[in-house]
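Take a look at the following structure, please.
The values are calculated or read from the model by the stated rules, or taken from the named source; none is laboratory data. What you see is a predicted model, and the numbers here were worked out from it, not measured in a lab. Don't worry about glycine lacking a Cβ; one is built from the backbone with ideal geometry, like all the others, and counts go over all protein chains shown.
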Amino acid sequence: MRDWQTLEREALRLHARYSLEVVEAFGLCPWASDARRAGRVCTRVERTDSAVDLAPTLEHLRVLAANSDIDVAFIVYPLLDLDRLAFSHFVAAVREADAARYPIGETVLALADFHPNAAADLTSPERLVPFLRRTPDLTLQIVRRGALQEVRMSENQGTSFLDVKDLSLDAWVASRNAPTPPLAARIAKNNLRTVERMGTQALTRQFENILQDRHASYFALGLPLPLWEAHK
């Protein structure tokens with residue numbers, strides 16, 4: 001890459017568009033805005049184009065694990081050209097290698113893969129998740145497990161993603177007494193409700209707008225259309 005600094009700047013700009021114009025604008029993550037404003041989110045751009053060289057990503061994770069000021073981080077891969085399944089395998093390999101550095105059950109960071117290609121599937125909350133993770137570049141999300149635990153402990157006993165105005169008294173009492181589903185499951189269910197209410201068109205338009213911005217920006221820097229886009 002002849003002009004890495006410009007590509008890095010553009011990758012950060014595009015990722016910020018996704019974070020602000022999709023995640024925060026549509027309310028897909030209940031703490032994204034607060035974490036960003038508190039300075040507890042960081043984004044790094046990785047220049048590797050290799051699906052087998054895990055060392056650069058593992059080094060990023062080592063540094064992030066040692067920095068307790070950061071709760072959420074993203075590693076963006078503008079040069080890594082993998083389809084969604086191949087990228088999920090890449091992240092799985094990173095997760096396994098990172099876990100090997102810790103005693104069993106004591107990993108510091110939770111990892112998730114984000115990819116530009118995913119159709120909207122509203123048949124279940126879990127099936128919708130890849131569609132909502134359509135970042136403009138292949139992206140690794142990193143969340144500090146301790147921060148997740150703090151969120152779980154501070155929640156209002158399972159009503160955080162429910163509007164109590166929509167519940168009868170009996171239903172509200174039942175919700176208080178029912179076992180609390182996992183945090184990720186509650187967020188996914190809430191996001192499915194949001195997308196069902198508003199439809200997929202607005203989100204799809206926003207994803208495509210950001211992706212077109214990505215392609216135009218990178219083409220101006222001499223990068224070809226990625227295979228994951230050409231073959232989708």
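For the stretch 88-110, enumerate the residues that are small (Gly, Ala, Ser), loosely packed, with under 14 Cβ neighbours inside 10 Å and either at pLDDT below 95 or outside any helix (DSSP H, G or I) (or both).
Result: Ala100, Gly105.
Still on this model: Within the stretch 52-63, identify whether any single residue is surrounded by 17 or more Cβ atoms within 10 Å (Cβ to Cβ), among the aliphatic types (A, V, I, L, M) and farther than 22 Å from Ile187 by Cα, and answer yes or no.
Yes; the residues of the stretch 52-63 include at least one that is surrounded by 17 or more Cβ atoms within 10 Å (Cβ to Cβ), among the aliphatic types (A, V, I, L, M) and farther than 22 Å from Ile187 by Cα.
For the stretch 178-232, which fully contained helices (runs of 4 or more DSSP H) count at least 2 residues that are modelled with pLDDT under 90 and over 29 Å from Ser50 (Cβ atoms)?
Because the criterion is at least 2 residues that are modelled with pLDDT under 90 and over 29 Å from Ser50 (Cβ atoms), the helices (runs of 4 or more DSSP H) in the stretch 178-232 that meet it are 183-198.
So for the stretch 88-104 (the condition being aliphatic (A, V, I, L, M), farther than 22 Å from Ile210 by Cβ and in contact with a helix residue (DSSP H, G or I) (Cβ under 9 Å, 6 or more places away or on another chain)), does at least one residue qualify?
The answer is yes, given that some residue of the stretch 88-104 is aliphatic (A, V, I, L, M), farther than 22 Å from Ile210 by Cβ and in contact with a helix residue (DSSP H, G or I) (Cβ under 9 Å, 6 or more places away or on another chain).
I've got another one for you. Checking Glu59 against (1) out of contact with any Gly (no Cβ under 9 Å at 6 or more places or on another chain); (2) of a type in the set (Asp, Glu); (3) outside any helix (DSSP H, G or I), which test does it fail?
Here Glu59 clears every test but (3).
Also, I was wondering about something else. Name the residues in the stretch 29-47 that are modelled with pLDDT of 90 or more and more than 18 Å from His60 (Cβ to Cβ), would you?
Arg36, Arg37, Ala38, Gly39
Which of the residues spanning the stretch 94-128 are within 20 Å of Asp71 (Cβ to Cβ), of a type in the set (Val, Ile, Thr) and either without any contact (Cβ under 8 Å) to a residue 40 or more places away in the chain or out of contact with any strand residue (DSSP E or B) (no Cβ under 7 Å at 6 or more places or on another chain) (or both)?
Of everything in the stretch 94-128, just one residue is within 20 Å of Asp71 (Cβ to Cβ), of a type in the set (Val, Ile, Thr) and either without any contact (Cβ under 8 Å) to a residue 40 or more places away in the chain or out of contact with any strand residue (DSSP E or B) (no Cβ under 7 Å at 6 or more places or on another chain) (or both), namely Thr107.
Answer yes or no: is there a residue in the stretch 137-146 that is within 18 Å of the chain's Cα centre (by Cα), surrounded by fewer than 20 Cβ atoms within 10 Å (Cβ to Cβ), part of a helix (DSSP H, G or I) and free of Cβ contacts under 8 Å to residues at least 12 places away in the same chain.
No, that holds for no residue.
A follow-up question, please. Looking at the stretch 69-83, is at least one residue crowded, with 18+ Cβ neighbours inside 10 Å and farther than 20 Å from Arg133 by Cα?
yes
Scanning for something in contact with an Asp or Glu (Cβ under 6 Å, 6 or more places away or on another chain) and among the basic types (Lys, Arg), does the stretch 135-145 turn up at least one residue?
yes
Sticking with this structure for a sec: Return the pairs, sorted by first residue and then second, in which the second residue is at pLDDT below 70 and outside any loop (DSSP other than H, G, I, E, B), the first residue lies in the stretch 178-192 and is under 20 Å from Leu111 (Cα atoms), the beta carbons are less than 7 Å apart, and the residues are 6+ apart or on different chains.
That search, which allows pairs on different chains as well, returns Leu183/Leu148; Leu183/Val151; Leu183/Arg152.
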